[in-house]
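What follows is one structure encoded as structure tokens, with my remarks underneath.
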Amino acid sequence: SDSLNLDNSTESNTIVEYFDSEEDVDLAKLADIVKSKPYCVQKHFIVYNGTEYCAVETDNVENTYIFSLKHRSSIVPKLTAGTATIDAFIEYDKHMEDMAKKLETQPGFKLRDSNGKVIPDGKEFAIQILSDPEDELDEDTEG
């Protein structure tokens with residue numbers, strides 16, 4: 001394996017290990033490499049396969065969290081700083097899935113405008129949330 005120490009802080013202390021195919025990726029071997037490098041974060045490592053990232057717990061390579069490039073800049077710093085764990089991200093995703101299921105299964109839910117009229121399915125609308133009941137709605141967004 002090669003170790004990189006580039007000027008880009010997100011890439012420093014990066015270990016590059018090449019595998020011929022996804023099936024050849026050996027997470028236990030990668031965990032051992034990480035553990036042997038004193039400057040690596042010891043609790044987890046990130047594997048990138050060209051399309052997605054996978055955070056892997058070093059002491060339990062079965063505990064993984066898959067995420068996309070668009071989430072990398074929020075997930076990796078939290079893992080590295082120790083302000084979040086792989087389990088916390090897994091729990092958050094599960095919570096969000098449960099919330100989405102609850103929203104999908106609200107029988108009889110109808111979105112209404114400020115006058116109480118039902119907004120038909122498929123119609124574009126804007127929601128304005130008032131922090132104070134005394135506030136007035138903008139005329140542009142009212143029902």
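The values are calculated or read from the model by the stated rules, or taken from the named source; none is laboratory data. Since the structure is predicted, the reported quantities are computational estimates derived from the model, not experimental observations. Here the Cβ is made from the backbone with ideal geometry for all residues, glycine too, and neighbour counts use every protein chain on show. Areas reflect the complete protein model, heavy atoms only, side chains present, ligands, DNA and RNA absent. Shrake-Rupley method; radii C 1.70, N 1.55, O 1.52, S 1.80 Å.
Worth a mention:
- In summary, the lysines within cross-link reach of residue 101, defined as a Cα separation below 28 angstrom excluding same-chain residues under 8 places away, comprise 70, 78, 110, 117, 123.
- Two-site FRET efficiency, residue 95 against residue 19, from Cβ-Cβ distance with R₀ of 25 Å, rounded to 0.05: 0.15
- Straight-distance candidates among the lysines for linking to residue 94, with alpha-carbon spacing under 16 Å and chain neighbours fewer than 8 residues away dropped: 102.
- Measuring with a 1.4 angstrom probe and ignoring ligands and nucleic acids, residue 90 comes out at about 60 Å² accessible.
- Relative contact order of the stretch 7-109, taken over Cα pairs closer than 8 Å and 6 or more residues apart, is 15 percent.
- Applying the criteria of a DSSP loop state and at most 15 other Cβ atoms within 10 Å to the GluC sites (Glu not before Pro) of the stretch 11-50 yields 11, 17.
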